[in-house]
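The values are calculated or read from the model by the stated rules, or taken from the named source; none is laboratory data. Note that this is a predicted model, so its numbers are computed, not measured. Ideal geometry is used to build each Cβ from the backbone, glycine not excepted, and the neighbour counts take in all protein chains shown.
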Amino acid sequence: MNKKLRVGVVGVGHLGKSHAEKYYKNKDCYLQCIADSSSRNGENISKMYNCTFFHDYKSMVDKVDAVSVATPTTLHYEITDFFLENGIHVLVEKPITNSVQLADKLLQKARDKKLILLVGHVERFNPSVQSIINILGNREDNHRVKHIVATRLTQFNLRANDVNVVTDLMIHDIDLTNFFFKSPVGLVQSNHCNVVQQSHDLSTALLSFTNGCSASLYASRIAKDPIRQVVLHGKHELFTLDLNKKTIHQTKFLMDGNLVKPTTEKLHTKMQDALENEISAFINNILTGKIHPCSTSASEGIEALRIAETITNQAVKRKQYDTNG
């Protein structure tokens, strides 16, 4: 494809407007149009980035080669299916849909039509994650990460409350553990608590992988202060990634006779725009046919959702058991 890609964004709210901005700045594509249920919001964004606004996303057909879908999760399947059916590549925000069954249908349709379908797990492009990938890249197996502890807290708001805290927040860290370990999950244990809403507001999960690695995940969307932290545990060391501040601290546990002396240093991270790089990778994937190693394929997005569903279903079963007991 020699000419610039024509792209569009469906849903230009909290995250979609950032998608529009990144496409607008990308030299390999042209932001052709956007769609949103809010005329006021859509018209403002269209003026800002000199593109056409449609109230109905179906009006974008024949005007775009690729789209981002950044709507509420409950609409992901309907919208993504529509664009795939019409031969248009899709980057859909996480989670890919609100059920594995529907997500599997999208994957099959993308394969049948030979279209690119990626999922927006943008944390893979976070500067601290990108930097730790380079640090760990050439290590021997006995010095690699064996356990991950991830903590993800946000303050309460009404956004994304069409899904529970696992598929809203924890799924980021589910995907990261899958990305680092590259191994099937063998065992899942979970618990949760409802404080404000009917769907749980905080959740904990312990994942055991078939390669012997494990992960402890905690997510809450009713916290006082936001935290996005991932700690990678290896042999005699750990790496603390602050995904908000985009920093990495390495702690080494050095032996001095019978004593253990911990030392910590801050490692260099190269500052980059995670969403800009994720969208650039999507565009390049379409143009070259080569997927970026940090892009989340549809099958990887489905696996993260599958684990999230298992965590949620275990918690629901436990709640039902406790009630009946």
So, of the residues in segment 310-325 that are under 21 Å from S220 (Cα atoms) and either modelled with pLDDT under 60 or assigned by TED's automatic domain parsing to the domain that holds P95 (or both), which turns out to be surrounded by the fewest Cβ atoms within 10 Å (Cβ to Cβ)? K317
When residues of segment 3-29 are limited to those that are closer than 18 Å to G87 by Cα, surrounded by fewer than 23 Cβ atoms within 10 Å (Cβ to Cβ) and not aliphatic (A, V, I, L, M), the one farthest from the chain's Cα centre (by Cα): K3
Of the candidates I222, I174, the one satisfying the condition of being part of a loop (DSSP other than H, G, I, E, B), on the phi < 0 side of the Ramachandran plot and β-branched (V, I, T) is I222
If I go through segment 52-70 residue by residue, how many of them are surrounded by 23 or more Cβ atoms within 10 Å (Cβ to Cβ) and of a type outside the set (A, V, I, L, M)? 2
Cross-chain or 6+ apart pairs with Cβ under 6 Å, segment 55-80 first and among the small types (G, A, S), then part of a loop (DSSP other than H, G, I, E, B): A70/G11; A70/L15
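Within segment 248-272, work out how many residues are over 20 Å from R228 (Cα atoms) and either within 27 Å of the chain's Cα centre (by Cα) or assigned by TED's automatic domain parsing to the domain that holds K22 (or both). Spell out how you get there, then give the answer.
First, the residues of segment 248-272 that are over 20 Å from R228 (Cα atoms): 252-263.
Within this subset, residues satisfying the condition of being either within 27 Å of the chain's Cα centre (by Cα) or assigned by TED's automatic domain parsing to the domain that holds K22 (or both) are none.
Number satisfying all stated conditions: 0.
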Just to be sure I understand, how many residues within segment 280-299 are within 21 Å of A103 (Cβ to Cβ) and crowded, with 19+ Cβ neighbours inside 10 Å? 8
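Table: residues versus (1) on the phi > 0 side of the Ramachandran plot; (2) in a strand (DSSP E or B); (3) assigned by TED's automatic domain parsing to the domain that holds L217.
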| site | (1), (2), (3) |
| --- | --- |
| D104 | no, no, no |
| L107 | no, no, no |
| R111 | no, no, no |
| K114 | yes, no, no |
| Q130 | no, no, yes |
| A150 | no, yes, yes |
Neighbours by Cβ (under 8 Å, 6+ apart or cross-chain): first from segment 23-40, under 14 Å from H55 (Cα atoms); second surrounded by 14 or more Cβ atoms within 10 Å (Cβ to Cβ) and at pLDDT below 95: I34/G42; A35/G42; D36/G13; D36/G42; S38/G13
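Considering each of L206, L254, L187, L232 in turn, give the residue that is in a strand (DSSP E or B) and at pLDDT below 90. Outline the logic, then answer.
On the way: L206 fails: at pLDDT below 90; L187 fails: at pLDDT below 90; L232 fails: at pLDDT below 90.
One residue alone meets the criteria, L254.
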Pairs only if they're at least six apart or on different chains, beta carbon under 6 angstrom, first in segment 258-277 and in contact (Cβ under 8 Å) with a residue 12 or more places away in the chain, second aliphatic (A, V, I, L, M); list them, first residue then second. L267/I248; T269/I248; A274/V122; L275/V122
Within segment 43-66, does at least one residue satisfy the condition of being in the same structural domain as I96 (by TED's automatic domain parsing), under 20 Å from L275 (Cα atoms), within 22 Å of the chain's Cα centre (by Cα) and not in a helix (DSSP H, G or I)? yes
